[in-house]
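Step one of this worksheet: look at the structure below.
The values are calculated or read from the model by the stated rules, or taken from the named source; none is laboratory data. No experiment lies behind these values; they were computed from the predicted model shown. Heads up, the Cβs are rebuilt from the backbone with ideal geometry, glycines too, and the neighbour counts pull from every protein chain shown. For the accessible areas, the whole protein counts, side chains as well, though only heavy atoms, and no ligand, DNA or RNA atoms are used. Shrake-Rupley method; radii C 1.70, N 1.55, O 1.52, S 1.80 Å.
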Number of protein chains: 2
Amino acid sequence: MMPETEPSMRLLLLSNSGQEGFSWLGFWEKTMAGFLGAVREVLFIPFAAPSPDYDAYEKKLAMAFAPMGILVQGLHRCQQPLSAMERAEAIVVGGGNTHLLRRRLHDAKLLEPLSMYVKQGTPYLGWSAGANLACPTIATTNDMPIVDHGGLEALDLVPFQINPHYTDAHPPGHRGETRSERIQEYLTLHPRGRVLGLREGSGLLLQKTTLLAVGQKEVLLFTRKTPVTGLLLQENLSFLLEKPVRLLP
Amino acid sequence: MMPETEPSMRLLLLSNSGQEGFSWLGFWEKTMAGFLGAVREVLFIPFAAPSPDYDAYEKKLAMAFAPMGILVQGLHRCQQPLSAMERAEAIVVGGGNTHLLRRRLHDAKLLEPLSMYVKQGTPYLGWSAGANLACPTIATTNDMPIVDHGGLEALDLVPFQINPHYTDAHPPGHRGETRSERIQEYLTLHPRGRVLGLREGSGLLLQKTTLLAVGQKEVLLFTRKTPVTGLLLQENLSFLLEKPVRLLP
């Protein structure tokens, strides 16, 4: 079976931005620089930020991208967001609240155009909520539904779900679900689904038809049949690009 | 200002069912027995369970309620759910996934009738997802959106939000939001909102116009102006029954 993602897509999907011992996004600098290559300016979507101070979020990213010599243009400042997307050398979607990110793009009627431009080849870099958004739905986010998402459907750039900030930690005495229990609940309702758990310092790199785990840690694959499988760094994960039948109850 | 909840309501809203060193629901047995009083049978809503085996969930509750001499009738087995609700001596809503619980009640057109019967005086006992459901919206659940909730609006029995399984724990190296950060994000978008964080072993008891914290631990009140206040056990919390202006972006 041939991979069914669009053959020209380029994606870098990261669990997290901050990392112990590094400046913000510093842990990912080499990976991002390699991914962005000759890109000189990125279009930044800051809508996951709960605070409406998008300028501050844009400045923070500009500071982090300055050492790579890459400029940042916030989508919130664009008079014509559609043509800004069309012209963008690369698109960056920052973390925050996934429900809010999805809702704001939905209300602005930007979800479908964004998906289209990335499928046509505009490189897409997202972390946390930005990684969730790249999936068929946002159903495997950890975020609190502080606003109505307006529907779970997302950019559908990859045919699997991502759970960012994956952790095995469970505080003693805590009786809420563990992360792996939550993912198994998802799979109970979506028995043909596949969820990739990205620990802090983990990410996925898609270049055309090649999918690789990047960062410092293995990626975890959760399915209904095989609860969890560790996928090694630099392992070819292209088998995950085949589309399973999706069910959205 | 007078309390604005319905004057005949009786609610017991608990953070959790299981508790270290107790049988399932055993920690709450005395509190539940006192709350249910002369009730001989409860109507149980098991729809938060991701597994469709509602019979198993019903049996589990029947075992837990047997020592109190209280029978359990699962709503999933009722041919006429509306009249079952109308006739119920008390209604119990179990934990699981809040998005799923809300969606299933919404699809069955049972949310409004349920709210109505409880406002008219049918005692309501809920834990975890069942406590979230009693609030104006389910926007402060911790649960993964494994299905589309179909809207955030919930039973609106109390004029504040609940965050069950509240914890201060944050695994070292983890870069996802802390629980308190998530609640602050909610308050950023809902500046007049009030969120009660219920730690494991915490609950709220509403008897007509009196609201008390019950269980073993203080309840935490989060607002935009005062990030966090501890509310003591047995303290009269009736000031929380006054309705703030609600904003649902």
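Structure data summary
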{"read-out": "The protein assembly as shown: antiparallel DSSP beta bridges as a percent of all, rounded to 5", "value": "50 percent"}
{"read-out": "Percentage relative contact order, the stretch B:51-169, counting C-alpha pairs under 8 Å, at least six apart", "value": "24 percent"}
{"read-out": "Amide hydrogen neighbours beyond the local backbone of A:Gly74, cut-off 5 Å, H modeled", "value": "A:Phe44"}
{"read-out": "Inter-label distance for B:Ala62 and B:Glu41, nm, one decimal - labels placed 7 Å from Cα along Cα-to-Cβ", "value": "1.2 nm"}
{"read-out": "The stretch A:102-117 versus the stretch A:186-219: alpha-carbon centroid distance in Å", "value": "23 Å"}
{"read-out": "Ordering of A:158-164, A:112-118 by burial proxy (mean other Cβ atoms within 10 Å per residue, highest first)", "value": "A:158-164, A:112-118"}
{"read-out": "For the B-to-A rotation axis, chain B residue with nearest beta carbon and its distance in angstrom", "value": "B:Pro145, 3"}
{"read-out": "Residue-normalised accessible area of the stretch B:115-249, expressed per residue, 1.4 Å probe, Å²", "value": "34 Å²"}
{"read-out": "Value of relative contact order over the stretch A:45-85, rounded to a whole percent, pairs C-alpha under 8 Å and six or more apart", "value": "38 percent"}
{"read-out": "Longest site-free stretch - chain A; sites: trypsin sites (Lys or Arg not before Pro), DSSP loop, at most 11 other Cβ within 10 Å", "value": "A:110-224"}
{"read-out": "Chymotrypsin sites (Phe, Trp or Tyr not before Pro) restricted to DSSP loop in the stretch A:1-109 with at most 13 other C-beta within 10 Å", "value": "A:Phe22, A:Trp24"}
{"read-out": "Accessible area buried, both sides summed, chains A and B with 1.4 Å probe, Å²", "value": "3600 Å²"}
{"read-out": "Chain B: relative contact order as a whole-number percent, Cα under 8 Å and 6+ apart", "value": "23 percent"}
{"read-out": "Structure-based [θ]222 nm, chain A - -39500 (n - 2.57) summed over DSSP H runs of at least 4, per residue, nearest 500", "value": "-7000 deg cm²/dmol"}
{"read-out": "Number of partner chain Cβ atoms within 10 Å, mean per residue of B:148-156", "value": "3"}
{"read-out": "Positions from the stretch A:184-211 whose accessible area shrinks by 40 Å² or more when the full protein complex is built, not the chain alone, probe 1.4 Å", "value": "A:Glu185, A:Leu189, A:Glu200"}
{"read-out": "Prolate/oblate/rounded call for the protein assembly as shown, Cα gyration tensor, a/c under 1.5 rounded", "value": "prolate"}
{"read-out": "Residues in the stretch A:6-33 reached by a label modelled at A:Ala108 [backbone nitrogen below 18 Å; 7 Å Cα→Cβ]", "value": "none"}
{"read-out": "Average beta-carbon neighbours from other chains, 10 Å sphere, peptide A:133-146", "value": "5"}
{"read-out": "Amide H contacts under 5 Å for A:Leu25, placed H, 5+ residues apart", "value": "A:Gly18, A:Gln19"}
{"read-out": "Cα gyration tensor category, rounded, prolate or oblate, for the stretch A:1-127 with a/c compared to 1.5", "value": "rounded"}
{"read-out": "Using θ = phi - 60° and Karplus 6.51 cos²θ - 1.76 cosθ + 1.60, couplings along the stretch A:60-75 (whole Hz; Gly, Pro as x)", "value": "4, 5, 4, 4, 6, 8, 4, x, 8, x, 10, 8, 10, 10, x, 4"}
{"read-out": "Share of carbon and sulfur in the accessible heavy-atom surface of the stretch A:205-244 [1.4 Å probe, %]", "value": "54 percent"}
{"read-out": "Relative frequency of Cα-Cα separations exceeding 26 Å in the stretch A:10-241, percent", "value": "33 percent"}
{"read-out": "For chain B, built as a Gaussian network whose Cα springs stay under 10 Å, the top-fluctuating residue of B:Pro227, B:Pro46, B:Pro136", "value": "B:Pro227"}
{"read-out": "Antiparallel bridges, percent of DSSP beta bridges restricted to the stretch A:10-241 (to nearest 5)", "value": "50 percent"}
{"read-out": "Under DSSP loop assignment and at most 14 Cβ neighbours within 10 Å, longest GluC sites (Glu not before Pro)-free interval of chain A", "value": "A:21-234"}
